[in-house]
Structures are given as C-alpha cells and as structure tokens.
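Each value in this text was obtained by applying a stated rule to the coordinates, not by laboratory testing. This structure is a prediction, so every number in the text was calculated from the model and none was measured. For neighbour counting, all protein chains shown are included, and Cβ atoms are generated from backbone atoms with ideal geometry for every residue, glycine included.
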C-alpha cells in the first residue's frame with residue numbers, strides 16, 4: 001500500500017487523558033506495542049492494557065523528579081530513524097535502538113497553571129514541558145515514518161483509518177498530523193515566552209507569581225501572536241476576498257461566542273457584532289446598540305431591554321434595517337417579540353431566555369450569539385510591512401472629572417445626557433459628533449473629514465426632535481463653526497475634550513449662545 005506505514009510501536013505520554021484508553025485499546029487491537037511514562041502508563045495498566053515503561057525501552061530510569069525520562073537517544077533515535085536509509089538502519093541496529101512509529105503526546109498545562117491565582121514562580125517554571133515538545137518535533141520532522149498525535153480530537157478518525165487499513169496510516173494523515181504538531185509547539189513556546197515576559201519578579205520562587213498589569217507593562221520586545229483557526233468564512237468584506245476567524249481559545253468575546261441559531265457568520269457580521277457588543281458594554285443600565293457598518297445608527301438605555309431597544313430603534317429605524325444588535329442583558333420574550341419585527345442580521349447578548357429563543361426560532365436565518373465578556377488589553381492593526389499595537393481604549397470620565405468651561409453649568413438632566421453621549425461617541429468613527437437626550441441617541445455624525453461636517457451630518461440624520469438635546473464631539477472643535485452648527489441644531493449642552501488653541505473662541509461662542517459646555521481632557525478618536 002503506497003504511502004501507508006504500519007504502526008508497530010507507539011509511545012504515549014499525555015497530560016490530558018481524555019479518550020486515551022479507548023484509543024490505546026484500538027492500537028493494542030492492531031498489535032501495536034505500547035510504551036508509556038508515569039501517570040499515563042498507570043492509567044493504561046488500570047484499564048488492563050499491557051504497557052512497557054519508558055525506562056525499559058531506554059535502559060535508563062526516570063530521574064530528577066521526572067524531568068528526564070524521554071530525553072534519551074533510544075527515544076529520539078527511534079523517532080528520527082529514517083527507515084529508507086541504510087546507514088540509519090545500521091546505526092540503530094548497532095546501538096539497540098527500536099523504531100517508534102507513533103507518538104501520542106500533549107503538553108503540560110502551562111497556561112492553565114500560570115493562570116491559577118496562587119501559582120508560584122517555581123510551579124510555573126516546573127510546568128514548562130521539555131521532553132514533550134522535543135518528542136513532538138522529532139516525530140513531526142520524521143513524519144515520513146512516524147505519526148505524531150497531539151490532539152485528542154484526532155483519536156476517532158485515526159482509529160477508523162487504522163481499522164480500515166490493517167493498522168496502517170497514510171502519508172497524507174502523517175503529514176497533516178505533523179503540520180498540526182509544529183503549530184502546537186509554536187503556540188506553546190509563544191505562551192511560555194509571553195507569560196514569562198509578564199512576570200514582574202522572580203525573587204521569591206515559593207510565593208504566588210506576580211504578573212505586571214498589562215496597562216502598566218512595557219510593550220513586548222517581540223510581538224508573538226498565536227491564534228488557532230476557529231473557522232473559515234465564506235468570504236471577507238467582499239466576495240472576492242478570502243477570510244477566516246482565529247480565536248485565542250478563551251471562549252470570550254465575539255471570537256469565542258456561542259452561535260445559537262442562524263446562518264453561518266460572515267466576516268462583516270463578526271466585525272459589526274464586535275462593534276455593537278463593545279458599545280453595549282459601555283452602559284451600566286440595560287443598553288442596546290444597533291450597528292450598521294461598525295457605526296451606531298441607534299443606541300439607548302432603558303429600564304429594561306425592551307425599552308432600550310425601542311429607544312435605539314426610534315433613533316434611526318431606516319438605517320437599522322439589516323443591521324446587527326448588541327445587548328448587555330439577557331434578552332427576554334417581550335424584547336424578542338419586538339426585535340423580531342425588524343430584519344436584522346445578527347444579535348449579540350450574554351443570554352437569551354427560552355421564550356426569546358422560541359420567538360427568534362421562527363427567523364431561521366437570524367444569527368443569535370451568546371457572548372461572554374472578554375478582557376482585551378491591546379488593539380492590533382495591520383499596516384503595510386508591520387503591525388501597530390496600542391492599549392484598548394478603556395478610558396472613561398465621571399461627572400466629577402468634567403471641567404465646566406462656560407458661564408452656564410449643565411443641568412442634572414443635561415449632565416446625564418452628556419455622559420451617555422460621550423460613551424456612545426467613543427464608538428463612532430472619527431470625526432464624530434453624537435446628539436443625544438435622556439439615554440437615547442438622536443443623531444450620529446460619523447466618519448466625516450471635518451468636524452463641522454460631522455456636526456451637520458449628525459443633525460441631518462436625526463428623525464427625532466433635536467431641540468433640547470446635547471451633543472458630544474470625540475475631539476475638540478478646532479473652530480467655533482462646529483459649535484455653532486450644534487447649537488443651531490438645537491443642542492443646549494456640549495461635551496468635548498478641549499485642547500484647541502482656539503478653545504477661548506469656542507467658549508465665547510458657547511457663552512453667547514447660552515450653551516453649557518464641559519471639557520473631558522480625553523479624546524476618543526476611532527479610525
């Protein structure tokens with residue numbers, strides 16, 4: 001059978017023992033000799049399998065607290081032995097090295113250990129696997145003769161192939177396993193390097209390890225990214241572009257969301273879902289964000305999800321058609337009943353009640369995703385020839401931190417509306433001006449080349465009355481004309497960062513028009 005190789009001896013050494021015994025039983029049924037180490041050998045023997053200890057294979061005992069057990073010429077010689085080379089065959093025969101045709105290994109749970117709140121520095125270092133990655137690399141390098149199994153999810157398919165080919169595996173399978181194996185060791189080394197770089201001090205090995213706060217740590221000297229493929233997508237932003245989703249494996253955020261129903265998620269769905277989910281998380285009260293092309297066409301808070309949705313939709317019902325919705329609370333039946341009346345592509349929320357699921361089930365193409373909040377300390381953007389890395393924009397201001405710069409102070413209602421508008425404005429593409437009132441956007445001016453145009457566009461988009469609203473600008477007004485447009489539209493109070501050389505002129509115009517204005521001292525550009 002061309003390309004197929006018989007598996008006669010397998011070395012098994014795993015941390016995750018899921019599915020181990022049934023797979024080992026399948027190997028044994030094909031006459032494969034099982035060689036194993038420590039706890040893996042014990043598990044196999046308890047299942048009634050005949051197992052050869054690694055020390056019996058090498059003639060050398062496991063030592064140094066198990067640090068040295070597979071790091072031996074009789075292991076790596078058996079893995080790296082190229083069966084078709086006469087000189088290799090002569091060498092292994094001379095030194096009594098037995099070929100190993102399969103390695104089943106998964107690595108010490110380094111990241112899991114490091115994530116434990118009480119993990120000590122010594123414990124973290126001890127969970128750096130050395131023998132495992134070495135065997136993985138040796139076996140993967142010699143994939144022409146050796147199968148390397150690093151993923152428990154591969155056990156069933158391998159068992160079927162062995163059964164269908166009299167204990168043999170194809171070259172195609174061995175090559176696929178080798179590719180996966182090198183990806184595993186690359187990701188493992190990346191995790192170790194990234195983790196150790198975050199450790200502030202190693203002076204007290206026996207005490208819990210202290211990691212530097214990402215917000216205070218220096219940027220990594222080398223940016224190492226290891227994100228396994230989560231799924232291939234039908235296409236990218238446009239049908240002629242290929243696309244795929246890669247996730248960090250945490251099961252959080254949009255990349256780790258659980259899809260409950262609906263069509264396959266698209267590239268644009270995921271981008272928009274991320275935008276609406278992040279905006280919805282800004283609100284302490286029940287909040288809803290309706291997004292179209294990453295910009296909010298409506299956002300609102302309310303006493304419950306239903307009220308917040310109704311207010312968000314009322315802000316721009318035309319643009320909301322075909323958008324995506326982010327919600328920061330569990331969606332109940334009453335809210336689902338109302339939302340189901342609108343055509344939307346996808347909805348992201350932390351949970352959906354059974355009643356909501358039942359109501360949405362009638363809309364079979366509607367994508368429902370259940371999302372767990374993610375902690376994302378950095379934002380990465382690609383530029384030609386490299387990557388840009390920055391802190392995530394987690395900046396907030398409170399009422400006490402605002403600086404009133406006009407003669408008139410904002411009223412309590414204006415102040416609440418200003419803080420709401422400021423949180424929304426943070427998620428609008430710059431240049432951005434947001435009009436709002438009573439926890440509801442009224443008009444959104446997004447992505448304009450000049451701030452005065454953003455002010456005009458936001459007012460033009462308003463379908464609700466602007467009179468008595470407030471306005472937020474993501475950066476300072478460079479000239480008074482933007483402030484004049486906002487006031488002319490009906491805004492009575494404005495929130496902006498301040499910092500323009502013409503601030504005094506803008507303040508003077510605000511005073512002349514009776515507009516209350518506050519400075520945040522913080523800008524929220526979003527490109």
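In this calculation the C-beta distance from residue 381 to residue 4 is compared with R0 = 56 Å, giving a FRET efficiency of 0.75. Rounded is the label for segment 262-370, because a/c, from the alpha-carbon gyration tensor with a ≥ b ≥ c as root eigenvalues, stays below 1.5. Using 0.36 nm per residue and subtracting the Cα-Cα separation, the extra length available between residue 449 and residue 82 on full extension is 125.7 nm.
Computed extension length for residue 217-residue 399: 62.6 nm, one decimal, from 0.36 nm per residue of separation with the Cα-Cα distance subtracted.
Once the Cβ-Cβ distance of residue 197 and residue 293 is raised to the sixth power relative to R0 = 35 Å, the FRET efficiency obtained is 0.40. Once divided by 2.2 N^0.38 Å, the Cα radius of gyration of the chain becomes 1.27.
Here the extension length gained between residue 512 and residue 89 equals 142.9 nm, from 0.36 nm per residue of separation less the Cα-Cα distance. Projecting label points 7 angstrom from Cα along Cα→Cβ for residue 409 and residue 240 puts them 6.0 nm apart.
Rounded to the nearest 0.05, the FRET efficiency derived from the C-beta distance between residue 357 and residue 481 at R0 = 56 Å is 0.65. Between the C-alpha center of segment 346-365 and that of segment 370-384 there is a gap of 26 Å. Inter-label distance, residue 388 to residue 370: 3.7 nm, where each label sits 7 Å from its Cα along the C-beta direction. Considering only alpha-carbon pairs that sit under 8 angstrom and 6 or more positions apart, the relative contact order computed for the chain is 9 percent. Once you have a ≥ b ≥ c as the square roots of the Cα gyration tensor eigenvalues for segment 149-297, tell me rounded if a/c is under 1.5, and otherwise prolate or oblate according to whether a/b is larger than b/c. Taking the square roots of the gyration eigenvalues as a ≥ b ≥ c, segment 149-297 is oblate.
Once you have a ≥ b ≥ c as the square roots of the Cα gyration tensor eigenvalues for segment 399-519, tell me rounded if a/c is under 1.5, and otherwise prolate or oblate according to whether a/b is larger than b/c. Rounded is the answer for segment 399-519, as its axis ratio a/c remains below 1.5.
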